[in-house]
Amino acid sequence: MKTILLLCFVALAVADKDARIVNFQYGIEEDGAYAAEYETTNGISSNEDGISYPGNEPETGNYVRSGSYSYEWEGVTYTVTWTADENGFHPEGDHLPDFSHTREHIGGVSDVE
(Lines give C-alpha, C1' and ligand atoms only; values in the text may rest on other atoms or scores of the structure.)
Protein backbone atom coordinates (compact mmCIF):
# COMPACT_ATOMS: atom_id res chain seq x y z
CA MET A 1 0.00 0.00 0.00
CA LYS A 2 2.74 2.44 0.97
CA THR A 3 4.54 1.68 -2.31
CA ILE A 4 1.44 2.54 -4.33
CA LEU A 5 1.00 5.84 -2.53
CA LEU A 6 4.69 6.68 -3.03
CA LEU A 7 4.44 5.96 -6.75
CA CYS A 8 1.37 8.17 -7.01
CA PHE A 9 3.18 11.05 -5.33
CA VAL A 10 6.22 10.61 -7.59
CA ALA A 11 3.95 10.67 -10.64
CA LEU A 12 2.35 13.86 -9.36
CA ALA A 13 5.72 15.52 -8.91
CA VAL A 14 6.78 14.67 -12.45
CA ALA A 15 3.44 15.66 -14.00
CA ASP A 16 3.16 19.14 -12.50
CA LYS A 17 5.98 20.58 -10.43
CA ASP A 18 3.70 23.35 -9.06
CA ALA A 19 0.96 20.97 -7.89
CA ARG A 20 0.40 20.69 -4.16
CA ILE A 21 -1.46 18.14 -2.09
CA VAL A 22 -4.45 19.88 -0.51
CA ASN A 23 -6.01 16.84 1.16
CA PHE A 24 -4.49 13.56 2.31
CA GLN A 25 -6.20 11.13 4.66
CA TYR A 26 -5.27 7.57 5.54
CA GLY A 27 -6.57 5.22 8.17
CA ILE A 28 -6.10 1.56 9.01
CA GLU A 29 -8.15 -0.59 11.35
CA GLU A 30 -7.01 -3.41 13.63
CA ASP A 31 -8.45 -5.99 11.23
CA GLY A 32 -6.31 -4.64 8.36
CA ALA A 33 -9.09 -2.73 6.61
CA TYR A 34 -7.98 0.69 5.39
CA ALA A 35 -9.13 3.79 3.57
CA ALA A 36 -7.02 6.45 1.86
CA GLU A 37 -7.67 9.54 -0.23
CA TYR A 38 -5.84 12.54 -1.60
CA GLU A 39 -6.51 15.59 -3.75
CA THR A 40 -4.11 17.99 -5.46
CA THR A 41 -4.27 21.56 -6.69
CA ASN A 42 -4.07 20.46 -10.33
CA GLY A 43 -7.31 18.45 -10.30
CA ILE A 44 -6.04 14.98 -9.44
CA SER A 45 -7.94 13.04 -6.81
CA SER A 46 -7.88 9.46 -5.62
CA ASN A 47 -9.57 7.30 -3.03
CA GLU A 48 -9.34 3.65 -2.18
CA ASP A 49 -10.30 1.21 0.52
CA GLY A 50 -9.51 -2.39 1.20
CA ILE A 51 -10.40 -5.31 3.40
CA SER A 52 -8.05 -8.11 4.41
CA TYR A 53 -9.32 -11.66 4.30
CA PRO A 54 -6.88 -13.88 6.22
CA GLY A 55 -6.05 -17.33 4.86
CA ASN A 56 -5.94 -20.63 6.70
CA GLU A 57 -2.13 -20.58 6.87
CA PRO A 58 0.19 -17.79 8.10
CA GLU A 59 1.14 -15.27 5.40
CA THR A 60 -1.81 -16.31 3.20
CA GLY A 61 -5.07 -14.61 2.42
CA ASN A 62 -6.26 -11.85 0.18
CA TYR A 63 -6.97 -8.15 0.07
CA VAL A 64 -10.06 -6.94 -1.76
CA ARG A 65 -9.54 -3.33 -2.75
CA SER A 66 -11.59 -0.75 -4.61
CA GLY A 67 -11.29 2.89 -5.44
CA SER A 68 -11.22 5.57 -8.07
CA TYR A 69 -9.00 8.29 -9.39
CA SER A 70 -9.68 11.35 -11.52
CA TYR A 71 -7.47 13.72 -13.44
CA GLU A 72 -7.89 16.60 -15.84
CA TRP A 73 -6.32 16.62 -19.29
CA GLU A 74 -6.85 19.41 -21.79
CA GLY A 75 -10.04 20.57 -20.06
CA VAL A 76 -11.60 17.12 -19.73
CA THR A 77 -11.88 15.23 -16.43
CA TYR A 78 -11.22 11.50 -16.71
CA THR A 79 -12.33 9.13 -13.96
CA VAL A 80 -11.37 5.51 -13.44
CA THR A 81 -13.14 3.29 -10.93
CA TRP A 82 -11.46 0.01 -10.13
CA THR A 83 -11.45 -3.12 -8.04
CA ALA A 84 -8.55 -5.45 -7.30
CA ASP A 85 -8.92 -8.91 -5.86
CA GLU A 86 -7.71 -12.48 -6.33
CA ASN A 87 -8.78 -12.22 -9.98
CA GLY A 88 -6.66 -9.15 -10.76
CA PHE A 89 -7.05 -5.44 -11.37
CA HIS A 90 -10.32 -4.33 -13.02
CA PRO A 91 -10.46 -0.68 -14.15
CA GLU A 92 -13.56 0.93 -15.67
CA GLY A 93 -14.00 4.36 -17.20
CA ASP A 94 -15.86 5.99 -20.06
CA HIS A 95 -12.55 6.53 -21.87
CA LEU A 96 -11.31 2.93 -21.40
CA PRO A 97 -12.13 -0.11 -23.54
CA ASP A 98 -14.59 -2.59 -22.05
CA PHE A 99 -12.66 -5.67 -20.94
CA SER A 100 -15.54 -7.35 -19.10
CA HIS A 101 -15.82 -9.98 -21.85
CA THR A 102 -12.19 -10.97 -21.20
CA ARG A 103 -13.02 -12.06 -17.66
CA GLU A 104 -15.78 -14.28 -19.04
CA HIS A 105 -13.32 -16.01 -21.39
CA ILE A 106 -10.51 -16.60 -18.90
CA GLY A 107 -12.66 -17.20 -15.81
CA GLY A 108 -11.57 -16.64 -12.25
CA VAL A 109 -8.28 -17.64 -10.70
CA SER A 110 -10.02 -20.41 -8.79
CA ASP A 111 -11.06 -21.92 -12.16
CA VAL A 112 -7.45 -22.37 -13.31
CA GLU A 113 -5.84 -25.71 -12.52
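The values are calculated or read from the model by the stated rules, or taken from the named source; none is laboratory data. Everything numeric in this text was worked out from a predicted model, so none of it was measured. Using ideal geometry, Cβ is built from the backbone for each residue, glycine included, and neighbour counts are taken over all protein chains shown. Areas reflect the complete protein model, heavy atoms only, side chains present, ligands, DNA and RNA absent. Shrake-Rupley method; radii C 1.70, N 1.55, O 1.52, S 1.80 Å.
Put simply, the amide H of Ala19, placed in the peptide plane, has no neighbours under 5 Å, leaving out anything fewer than 5 places away on its chain.
With every protein chain in place and a 1.4 angstrom probe, the accessible-area ranking of His90, His95, largest first, reads His95, His90.
Between Tyr53 and Val76, the FRET efficiency from the beta-carbon distance, with R0 = 35 Å, is close to 0.40. Rolling a 1.4 angstrom probe over the stretch 52-91 with all protein chains present gives an accessible area of which 51% lies on carbon and sulfur atoms. With the highest mean first, a sort of the peptides 36-48, 67-79 on other beta-carbon atoms found within 10 angstrom per residue produces 36-48, 67-79.
Phi angles across the stretch 47-60 convert, under the Karplus curve 6.51 cos²θ - 1.76 cosθ + 1.60 with θ = phi - 60°, into 3J(HN,Hα) values of 8, 7, 9, x, 10, 8, 10, x, x, 6, 10, x, 6, 10 Hz, Gly and Pro given as x. 3J(HN,Hα) along the stretch 85-97, derived from phi through the Karplus expression 6.51 cos²θ - 1.76 cosθ + 1.60 where θ = phi - 60°, amounts to 8, 4, 9, x, 9, 10, x, 9, x, 4, 8, 9, x Hz, with x in place of Gly and Pro. In this rough spin-label picture, where each label sits 7 Å from Cα along the Cβ direction, the Lys17-Thr83 distance is 4.2 nm.
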